[in-house]
Structure formats: structure tokens, C-alpha cells
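One structure is given below, encoded as C-alpha cells.
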Amino acid sequence: MASSSRDLTTMAGSSHSGDSPQQIEAEISELSIGFKAKPGWKLCPWKFVRQWPNFYPGPRSNQVNDTFRETVFECRTWDFFCLTDYQTGPNSREPLLLVPTYQLQDYLEVFSRRVDAGLAIPDEPASDRFFLTFGEQGTPLPRYIGRANSFEAVDGAVKFRLHKLPMIDYTRLGDAGFEYYKKKLDEIYFLLNHTRGKKKKAESSRIKMKERHKAYGRMMKRAQRYVGLRSTIPYPELRLPEPNWTPDMPVPFVPERFVRFVCIDIEAWEEQFDTITEVGVAVLDTKDIENVPPGEQSTFYGHNWFPLIKSHHFRIYENRHLVNHKYVHGCPDRFNFGQSEFIHGQFMSQKLSEIIEGDESGNQRPVVLVGHDLMQDLKFMKKVGYNVWQVPNILDEVDTKSLFQRLESCRDGRSLSNICYALDMPGINFHNAGNDATYTLRAMISIVVRQMRAGPIGLNMTELIKHNPPPVNPADFSDGSEDNGGPPRKSSEPNPQVEREPSMFVVMPEFPSGTSESNW
């Protein structure tokens, strides 16, 4: 980050509360570690950001809560400021971690479009805690401690810098100024530590998390059955491979029902999520893998099956000029696994039908849909006119975000690129729909083979406790040895009667005469 030779608190002007988000963002970009915020900047305690779903009372509060926590760092960084407690010694409280309120508002706007709900900072009086200002009467100002793009970065590098900040000299405030500052901080700490129904919500969240992870474990086992790594016989002791089996041998069991895995990834324009720009599809036929060892190279699993994946990348012709750059770096012209195909939006549904249930589907053999945060892509498929919930040969669904959480017994989801990195599986040009679909299917293969062969990647219980407070109970991640995954599970169509279907296309001219689609 560029350094600055000036302390921003010395700038002229008594109040800066009217600064626009663009002005604040520009000035934060010039801050060095340890520099002060401006008086009047609206800041929000990071703890309130993490607790924000607790303020959402809507009928879909569970879905909002889960998705919020999983996506709060997705393709996004947060700027952190810190203010230390006026108390010292054993009575000192944890320093206040603060983020600019406009960053929370910006995230909620994007998040609202993602879950198709009107979400915002709650109304008064709860809203006051999200719009804190500092510097009144010359009181201390929060200091900048850097940016973070993950919970791990907050717990690591950002919090480490707290102890390097200079001590605050309270003697210059005088008695009246110090009492004002003391009262303000006491009120903030009170709000931080007295969230209504905190214990009850925490226990309820733990129970829900436990049930989710049991479902993730069953999903893992079903995926292993479909590729021949696990048997469906009724005797638990005979369901798993022999102890001497290795990934350099063919799978020990016949793949259940010889399904076709069809992975979907859809890219939408960041300025209007109803506008679809790319569709990626990757297909793995389990008939092709029955006699092919999945493969093992050190900590890299399943690579022998990767060449058997058939990848497709479709770009919506009407929206070909729309490329994401604000939240993610789109790269629609960098498909790694073949040639991209331009297609008019009105024909996208027909193309998906051919792959999933038509000419390319192998006489409507059963299909297991795969995705990373799959539900979001299934909703996007409806926006191109294809409703997966009405397709009879779709048997089951597998979500790699959930599989990885199960593999590592972690509460928070990870991005696709982070999962590929953790699996020692190289990848480039993410956020191209065709690439992401292929990498997602590869990740599924690697996860199910790794879990059967070697177990978790290496997050031991000490690390889990450090990164996932409160302490992780191993029983919360157990689905039992008797459970073999159960029957196939398909999601339910979300609000099929009331869900709106806005146009996904931006009007553009037809193909130029004399020019083939493949040349664009």
C-alpha cells in the first residue's frame, strides 16, 4: 500500500461526516499502517458485521445466516481500524476492530442480489451501532491496521499489528474529555457483549451446524459410492476398500448406477446479477473411470481421471462485452480446456438440455449435479430458461464447498481457488465459467479420493480451535459409521410460484453478416 507523509487528522475542517464512500475509499488507499482515521468517518465494529444476520428477522433467516458467513470474504477485502481500551492491566478489554460502514453497506447490496432478498442495515435503534464516529471533543481516533481478505488474515496479520500501535496519551483530554470518551467506549463494549438472546442463538447455531455437517458427510459418502470408492452392501465392515487398496489401483467397487457427473458454473455481471455472461459445463461419465486408477502423487489425488472430463464454455453473445472487474477479475477469453462457444441467450436452455438430458446424456442416464455453492448456480440456470428441478433424470447434488468443509471439519466455506490450492491442485484463470466448472469437478474427485485414502489435509484440532471459536467438538462433525450416505438428496425449488424471472440479456446487435460465431 502506498505510504503517505501526512497524518490525515491534521487536515482542515471540523467535520468530515459528509465524505462520500468514494472519497473515504480513496483516502484509505493512501493510509499507512498506524495512521489515524478522519474525525467523523462512520465505522462499524467488526463483531457487529459478523453478527449482522442476527438482526435479520425474515423467514429465510437460516439461509441468510449461513450464506452470509460463507461469502463475507468472497472476492472482497475489508479495511480494518483499531481503537484500544482506556483501561490497562488485567481489566483491559480486547481492542475494538472497526471497518468502514460503507464497506458493509456495499457488501449487503451485493449480498441482497445474491440471495434475492432486500437486506440492509437494520433500522433505529439497532442501526446506531453500525454508524459509529470518533474524534469528537478531540478524543482519540482509530488507527489503520491494514486489509484482510479472509478470517485467517484477520486472526493472523491484522490482529498481530494491534500490539504495535502507539499508546494513547489521555492526559491531554482533560477530565471532561476523558469522561466523554470513557462513557462512549463503555457503551460500545456493552453493546458488543450483550447481544439479545446470545446464548440461545449460539446453542441453536451449534445444533444447526452439527446437522449441516452430518448432511455434508452423507453427501461425501454418496459421491464415493457413485465413483466406486464405497459399496452399498448392508454390512458396514465390507463397505470400504481393503486396507491395502491405493489410488494407483482401479476402484474396488462397481460405481453405483454409473451416473454422469455434470458440473455447472455460471458467471453473472457484477452490476446486474440477473445478466448472465458465461455458462461453464464439465462432465465426467463414471463408465469411463471404472477401470482407471484415480491416481496419487504425494498429496495430489485423482489426477488420472482429470483427462476424462469433457469441458464446455459458452459465452452469451448478447452480453459478450460485459466483463467483471470490480469484485472479481473476469477472464472470459481465457478458457483453458478447449474453444469457447458463443451462443445466443435464447438457445442456452436447449444446449443445457442436450448435455444433461438430450443427445449427449446417454439415453437419459442418471445425472449428479456438481457445483461450488451449487444452489446459486441452479438459480442462475433458471435465468437462462432451464429449470433443473423439473428434469427427471437428475438424481442427486454434490457441492464442493460443503465437501471441503466436511473434509477439513471447518465451519466456514472456502473459495474454489483456495480449495484447489489446499488440494495441491494447480489452477489458473479462475472466474472463467468453463475453467471453474472443470476445476470444481476436479476438486470433487480429489476430495472424495483423499478422504477415503488419507483423511483431512492437515488442520489439526489445535488449529481448528484457534480459527473456529468457540472450540470445535469432534462429535459435531460425525455422521456415524453405520450411515452410508443414505438415499440421493435433491434440493427443493426455491419459491417456484413467486420467484421473479427478470431478463438476463442486454440488448446487442445480431452477429455481423459473414462472420462465424467461433471467430468472436
Put 270, 242, 256 in order of accessible area, largest first, 1.4 Å probe: what do you get?
242, 256, 270
When the Cα centres of segment 306-374 and segment 385-452 are compared, how far apart do they sit, in Å?
15 Å
Accessible heavy-atom area order of 365, 257, 225, 50, highest first, probe of 1.4 Å:
257, 50, 365, 225
Please report, largest first and rounded to whole Å, the three semi-axes of the ellipsoid equivalent to segment 206-357, where each semi-axis is the square root of five times an eigenvalue of the C-alpha gyration tensor.
36, 20, 16
Set the bar at 23 Å for Cα to Cα. Now go through 38/183; 221/351; 42/182; 208/382; 38/326 and name every pair that lies beyond it.
221/351; 208/382; 38/326
Per residue, how large is the accessible surface of segment 346-421? Use a 1.4 angstrom probe and give square angstrom.
34 Å²
Would you work out what percent of the accessible area of segment 319-420, with all protein chains in place, is carbon or sulfur (probe 1.4 Å)?
43 percent
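Per residue, what accessible area does segment 205-290 have, given a 1.4 Å probe and all protein chains present, in Å²? All intermediate terms of the calculation are to be shown ahead of the outcome.
Details: 3410 Å² over 86 residues.
With the other protein chains kept in place, segment 205-290 gives 40 Å² per residue.
Assuming R0 = 56 Å, can you tell me the calculated FRET efficiency for the pair residue 290 and residue 176, based on Cβ-Cβ distance, to the nearest 0.05? Before the final figure, lay out each step's value.
Numbers: r = 80 Å, r/R0 = 1.43.
Computed FRET efficiency for residue 290 and residue 176: 0.10.
Quick one: length gained pulling residue 342 to residue 66 fully straight, 0.36 nm per residue minus the C-alpha distance? Intermediate values should be presented prior to the final figure.
Working: separation 276, 0.36 × 276 = 99.36 nm, distance 3.53 nm.
Full extension of this stretch gives 95.8 nm more.
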In nm, the gap between the two label points placed 7 Å beyond Cα toward Cβ at residue 328 and residue 350 is 2.8 nm
Between residue 193 and residue 389, what is 0.36 nm times their sequence separation minus the Cα-Cα distance? Round to one decimal in nm.
66.2 nm
Suppose each label sits 7 Å from its Cα in the direction of the beta carbon; what would the residue 257-residue 151 distance come out to in nanometres?
3.3 nm
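Using packing as a proxy for protection, rank 294-301, 411-418 so that the peptide with the highest average count of other Cβ atoms within 10 Å comes first. Don't jump to the answer; show the numbers that get you there.
Numbers: 294-301: 17.1, 411-418: 19.1.
Ranked from most to least packed, the peptides come out as 411-418, 294-301.
Ranked by accessible surface with a 1.4 Å probe, highest first, in what order do 375, 220 come?
375, 220
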Simple spin-label estimate for residue 242 and residue 453 in nanometres, 7 Å along Cα-Cβ:
1.8 nm
Can you give the extra length, in nm with one decimal, that the chain gains between residue 136 and residue 321 once fully stretched, where that is 0.36 nm per residue apart less the Cα-Cα distance?
61.8 nm
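The values are calculated or read from the model by the stated rules, or taken from the named source; none is laboratory data. Since the model is a prediction, treat every value here as computed from it, not as a measurement. With ideal geometry, Cβ positions are generated from the backbone for all residues, glycine too; neighbour counts draw on all protein chains shown. Keep in mind that these areas ignore ligands, DNA and RNA; they rest on the heavy atoms of the full protein, side chains included. Shrake-Rupley method; radii C 1.70, N 1.55, O 1.52, S 1.80 Å.
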